[in-house]
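Please treat every number below as a calculation from the coordinates, not as lab data. Keep in mind it's a predicted model, so treat the numbers as computed, not measured. Here the Cβ positions follow ideal geometry from the backbone for every residue, glycine too, while neighbour counts run over all protein chains shown.
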Amino acid sequence: MKTTSFLKVAALALPLLLSACGSKRKAVVEEVKPLTPEQIESRDFITKVKDNALSKRFITSKVKFSVEVGAQKLTLTGNLKMKRDDCIRLQLMAFGFVEAGRIELTPEYVLIMDRINKQYLKAPYVQVDFLRNNGLDFNVMQSLFWNELSKPKQYAVTKGADTTIVYNMIESGDDMVISLEEGKMEYSWLAGRSDGQIKMANMSYKDKLTGSVSQLNWDYQDFKDVSGKAFPSRSLITLTTPKKEVKLGVTLNYIGHDSEWETRTEVSNKYREVTVDEILRRFMSL
């Protein structure tokens, strides 16, 4: 999803300044430049989009999960468990009742487990080529799974700093395209003009050394009422890299907010650590 021109939004208010004159101090109030009508409209729309976010701390659901890489196709059922700002876990089942694999994302690391062959990968995001080379980290993945705007790294560490993010916007029929750039990443979201509901997200990562571009497109469908908010029960995901294209489908059933589960998986010493390519090949052969 490529946009060519954007409106600057979310203008920053100028702070109050204190100055001293000789031994006498006085407060000098600098006039705050008013927002333009376009900036006010953009600010209000971003607020509308953010207001659609679920206030729940946990999301859990049964999942139907499909993967397609070239001629290879894999379909599994499983469970999705998420705790905001802490964990995203996909448990993949074989034959409907045996846990075949587990993918666990935390702010610190990614864990991929092949339970059938007793293999695993656990490493920081920067040490996993597939994630690092596509600009994917916990913050990006959480925003995609939760159907929300991403908060770039430079804003993610400071409480309340997202109020300074300057988004660009352009009209697209009955929708609005929201975009944001940070370093090698370009973020775009398609949201309904009337309700601010995010319908699609696109993350583009450009390697400035090689010029190669990877794109992750996340299409949200079949919105259901979840605790008074519209939440997508189906996602169609396409990851396009210079070498391959991966298509995923995630369908949620029985969405709830179970909090009675451990957010960290302990890996038994019976498991053997392997590379990402090796463990993914195992998954595709299930």
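Details
- Filter on Lys56/Lys206; Lys199/Lys229; Lys118/Lys244; Lys118/Lys243; Lys48/Lys208 - keep pairs with C-alpha separation over 24 Å: Lys56/Lys206; Lys118/Lys244; Lys118/Lys243; Lys48/Lys208
- In sequence order, calculated HN-Hα J values of region 223-237 (Karplus, 6.51, -1.76, 1.60; Hz; x Gly/Pro): 6, 10, 6, 10, 6, x, 10, 7, 9, x, 9, 9, 10, 10, 10
- Amide proton proximity set for Gln119, modelled H, under 5 Å, gap of 5+: Asp114, Arg272
- Couplings for region 259-268, taken from phi via the Karplus curve 6.51 cos²θ - 1.76 cosθ + 1.60 with θ = phi - 60°, read 10, 8, 7, 7, 8, 10, 9, 8, 8, 5 Hz in order; Gly and Pro are left as x.
- Where the Cα pairs of region 178-267 fall when distances are cut into 10 Å bins, in %: 14, 32, 32, 20, 2
- Cα centroids of region 196-224 and region 87-140: 20 Å apart.
- Sequence-distant contacts, meaning Cα pairs under 8 Å at least 6 residues apart, place the relative contact order of region 46-139 at 15 percent.
- Across region 135-147, coupling constants 3J(HN,Hα) worked out from phi with the 6.51/-1.76/1.60 Karplus curve, θ = phi - 60°, read x, 9, 9, 4, 4, 5, 5, 4, 4, 5, 5, 8, 6 Hz, and Gly and Pro carry x.
- Two-decimal log10 I(q)/I(0) for region 41-196, as the Debye equation yields it once each C-alpha is a single scatterer, q = 0.11, 0.14, 0.17, 0.19 Å⁻¹: -0.55, -0.86, -1.15, -1.30
- FRET E, pair Lys247, Ser194, Förster distance 30 Å, beta-carbon r, rounded to 0.05: 0.50
- Extension gain, Lys33 back to Gln127 (0.36 nm per residue minus Cα-Cα distance, nm): 29.3 nm
- Full extension of the chain between Lys224 and Ser66 yields a length gain of 54.8 nm, computed as 0.36 nm times the residue separation minus the alpha carbon distance.
- Nitroxide proxy distance, nm - points 7 Å out along Cα→Cβ at Tyr109 and Glu171: 5.1 nm
- Loop-resident GluC sites (Glu not before Pro) (DSSP state other than H, G, I, E or B) in region 30-64 with no more than 14 further Cβ atoms inside 10 Å of their Cβ: Glu30, Glu31.
- Annotation: amide H-H contacts under 5 Å for Gln197 (H modelled 1.01 Å from N, sequence separation of 5 or more, or interchain): Gly192.
- A simple spin-label model places pseudo-atoms 7 Å from Cα toward Cβ; at Leu74 and Ile116 they are separated by 0.9 nm.
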